[in-house]
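Some notes on the structure that comes next.
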C-alpha cells in the first residue's frame, strides 16, 4: 500500500477512458445472451447439438473476458503516466553570513599563544569554519590598512586555503581597527541573508586608519550587523616583537599587553554582539564555540522533489495477464467456440 500511496499521475484525465469498460461489458453480455438464445431455439432437431452452458470451461471463458478488461484498465493507467516522487524538506539547516576580521599587525606574532597569536587564531578559525557548513563566510585582514582576503562564500575549501596564506607583514604595520571593521561591514551589508555577523579579532589599540572604530560600529548597527569582538593577549607581559631587523625577522622581548577593551566592548554592545577576552589557545577556542552556539539562524526552507516513471509494474501485470489468457485460450478453451 505504501507504493500505491506514493503514486501520482501526470495525466489523470486519461482515466475518463475507463468509461469504455462498462460499454464493453454490456456489449459482451448482450452478445453472449444473443448467442445462447440462438442455440436454445425450440427446434426439435437442435437439442441434439446444444452445447452445455454451465460447464467450467464456459465460466472460464467469462473469467478470461474479465482479465481482458483488466488489461484495458492497466493500459489506461499506463497512458495516465504513473509516477512516484521522493522528496525532502530542509527545515533544520542553519546559515548566516559571517565575516572574520583578523588583525595581522606585527604584535600578533607575540608568543603568549602557541606558536603565536596569528597562527593560533587561524587554527581556531579553521575549526569554526568546519563547524558551519551552511554558512557563507568571508575574511578581511587589517593592520595599518584593511582589505578583503576572501569575499563571502560557501566554498569553505577556498576560504581555508586563502586563510592559510595570511601572515603578518602583508601590509604596512599598524592597527587600524576602524578600517578593518568598516571593510568587513562593506563586504557583508548588501547580502540578502537576514542574519549577518562580524567576528573582529585584535590584540591592540587603534592607532591608525581613516575611519574611527565607533563610526564603523555605527554603520554596522545601521545595517543590523552584529559584531563580536575578541581581544587577544595574556594578562600582563608577553614575548612580543619590539623591532624589525633588516632581514625581515623580528627582535623579540617582553612587553606589556595593551588591548583597548573599552573600545571593543562598546563596539560589541552597540551592535548587539558581545566582547570576549582570549588569553591562550584554549580560551580562544572556547570563545569561537560560544559564538557558534549563539549564532544559529534558520535559513529559508528548501524543497526537493524527484519524480520517477512507474509504468513498468503495470506493464508487467498487463503482459502476464495477456500471456495467461493466450495460454488458456490455446489449451483449455481451444475447443470452446
For residue 254 and residue 7, extending 7 Å from Cα along the Cα-Cβ vector and measuring point to point gives, in nm, a value of 8.4
Mean projected area, convex hull of alpha-carbon positions in the stretch 124-221, reported to one decimal in nm², is 6.3
Most exposed to least, judged by fewest other Cβ atoms within 10 Å, 257, 232, 171, 25 sort to 25, 171, 257, 232
FRET efficiency for residue 17 and residue 84 from the Cβ-Cβ distance with R0 = 22 Å, rounded to 0.05, comes out at 0.50
The convex hull of the Cα atoms of the stretch 97-294, divided by residue count, gives a volume in Å³ per residue of 102
Simple SL model, points at 7 angstrom along Cα→Cβ for residue 283 and residue 60; separation in nm is 9.3
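Every read-out reported here was derived from the displayed coordinates using simple, explicitly stated rules and does not represent laboratory data. Note that this is a predicted model, so its numbers are computed, not measured. Neighbour counts are summed over all protein chains in view; Cβ atoms, including those assigned to glycine, are modelled from backbone coordinates with ideal geometry.
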